[in-house]
Amino acid sequence: MSAKTADFEIRNLCASVEGKPILQGVSLKINKGENHALMGPNGSGKSTLANVIMGHPAYEVTGGDILFHGQNIVELEPEERARLGLFLAFQYPVAIPGVTVAKFLKTAVDAVRGVQNVKPAEFMKELRENSEYLEVDKAFLNRFMNDGFSGGEKKRMEILQMLMLKPGIAIMDETDSGLDIDALKIVSKGVNRLVGPAFGLLVITHYERILNYIKPDHLHILMQGRVVLSGGPELVKELEQKGYDWVREKFGEEVLVV
């Protein structure tokens, strides 16, 4: 009997930006119902991986595969990947002047979930409920998307999008950076609202503190463009105590699984 295909799988992924190789053969599997965390020192390729997964045009895939439900999505456009159920919460969300939060979210929901599947009244009910859950002032819904928002407000908007789009697999690219403890708790509460059998998560972070609120089932360490160590949640504390030096001592040609 063949092994079950992972819901989301990266196989020996290599990628470059402006001709410079960054990812050197990343392999990773994520199933729905699982929370994964990815950590690593500066320059290891974490944000590059997030952008390559979603098809950012500035990054060139030079080898390997990205499989979602068995389909290789390397050649798909970002919007096609989103329609399949992938979502990326950006580290630095951009402002979209002239488009209100409510209009932006309605357009995104229609594109991903289907115009016929979400009636306007149902959409507004969901939007109000999710906004209240994230403690977003309803006045924000009529403001231009991220225009003049603080860093914490922008990150909250990313999670509001996630709640509205209901992705099957979500990647959070250092969403916790720049957040104070109160904002971090709210963002984490929003993410945990989705956690369950229909949702898989990859949290990319520099800091252990978000993992106190979004509990990972698996932790992966990325160095020099490769996953060099994978293990369970106990690795979080070990990494916090020892830093990356002990991982560097273990670094070898093969991925280490503990």
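Derivation of every value follows stated rules applied to the coordinates shown; laboratory data play no part. Just so it is clear, the structure is predicted and the values come from calculations on it, not from any experiment. Reconstructed Cβ throughout: ideal geometry from the backbone, glycine too, with neighbour counts over all protein chains shown.
Lys/Arg Cβ at +1, Asp/Glu Cβ at -1, dipole of segment 51-104 taken about the Cα centre: which of 85, 58, 95 is farthest positive-ward? The one lying farthest along the dipole's positive direction is 95.
Using square roots of five times the C-alpha gyration tensor eigenvalues, list the equivalent-ellipsoid semi-axes of the chain in whole Å, biggest first.
On the way: eigenvalues 186, 86, 60 Å².
Whole-Å semi-axes of the equivalent ellipsoid: 30, 21, 17.
Electrostatic bookkeeping for residue 116 treats Lys and Arg as +1 and Asp and Glu as -1; over the other residues with beta carbon under 13 Å from its beta carbon, the sum is 0.
Gain in length, residue 107 to residue 180, computed as 0.36 nm per residue apart minus the alpha-carbon separation, to one decimal in nm?
Details: separation 73, 0.36 × 73 = 26.28 nm, distance 3.05 nm.
Net length gain for the segment: 23.2 nm.
For the peptides 150-157, 32-39, 235-242, the ranking by mean Cβ contacts within 10 Å, running from highest to lowest, is 32-39, 150-157, 235-242. Each of 72, 161, 118 was placed along the dipole of segment 54-176 (beta-carbon charges, centred on the mean Cα), and the one lying farthest toward the positive end is 118.
Quote the charge dipole size of segment 78-161 about the Cα centre in Debye, to the nearest 20; the model charges only the Cβ of Lys and Arg (+1) and of Asp and Glu (-1).
Values: 13 positive and 12 negative charges, 25 e Å.
My answer is approximately 120 debye.
Look at the dipole of the chain built from charges on Cβ: of 235, 198, 21, the Cα furthest out on the positive end belongs to 198. Sort segment 59-179 into rounded, prolate or oblate with this rule: let a ≥ b ≥ c be the square roots of the eigenvalues of the Cα gyration tensor; rounded if a/c is under 1.5, and if a/c is not under 1.5, prolate when a/b is larger than b/c, oblate otherwise. Taking the square roots of the gyration eigenvalues as a ≥ b ≥ c, segment 59-179 is oblate. Count charges around residue 170 for me, please; just the other residues with Cβ under 13 Å from its Cβ, Lys/Arg as +1, Asp/Glu as -1. Neighbour charge sum, excluding residue 170 itself: 0. Label zone of residue 143 (point 7 Å out along Cα→Cβ, amide N under 18 Å): in segment 78-108 this covers 92-106. Taken about its Cα centre, segment 185-231 carries a charge dipole of roughly 180 debye when the Cβ of each Lys and Arg holds +1 and the Cβ of each Asp and Glu holds -1. Each of residue 61 and residue 83 was given a label point 7 Å from its Cα along the Cα-to-Cβ line. The distance between the two points is 1.7 nm.
Normalised by the number of residues in segment 47-106, the mean separation of alpha-carbon contacts (under 8 Å, six or more apart) gives a relative contact order of 28 percent.
What does the convex hull of the Cα atoms come to per residue for segment 141-258, in Å³?
Details: hull volume 15.0 nm³, N = 118.
Dividing the Cα hull volume of segment 141-258 by its residues yields 127 Å³.
Rounded, prolate or oblate for segment 63-109? Axes are the square roots of the Cα gyration tensor eigenvalues, ordered a ≥ b ≥ c, and the cut-off for rounded is a/c under 1.5. Verdict is prolate for segment 63-109.
Take peptides 109-120, 159-170 and line them up by average Cβ neighbours within 10 Å, highest first, as a rough protection proxy.
Details: 109-120: 13.3, 159-170: 21.2.
The most tightly packed comes first, giving 159-170, 109-120.
Mean separation of Cα pairs under 8 Å and 6+ residues apart, divided by the residue count of the chain: what relative contact order is that in percent? Once divided by the residue count of the chain, the mean separation gives 27 percent.
For the chain, a crude dipole built from +1 on the beta carbon of Lys and Arg and -1 on the beta carbon of Asp and Glu, taken about the Cα centre, is about 560 debye to the nearest 20.
If Lys and Arg each add +1 and Asp and Glu each add -1, what is the summed charge of the other residues whose beta carbon sits under 14 Å from the beta carbon of residue 48?
Around residue 48, the surrounding residues sum to -1.
Taking the fewest neighbouring Cβ atoms within 10 Å as the starting point, the ordered list for 107, 205 is 107, 205.
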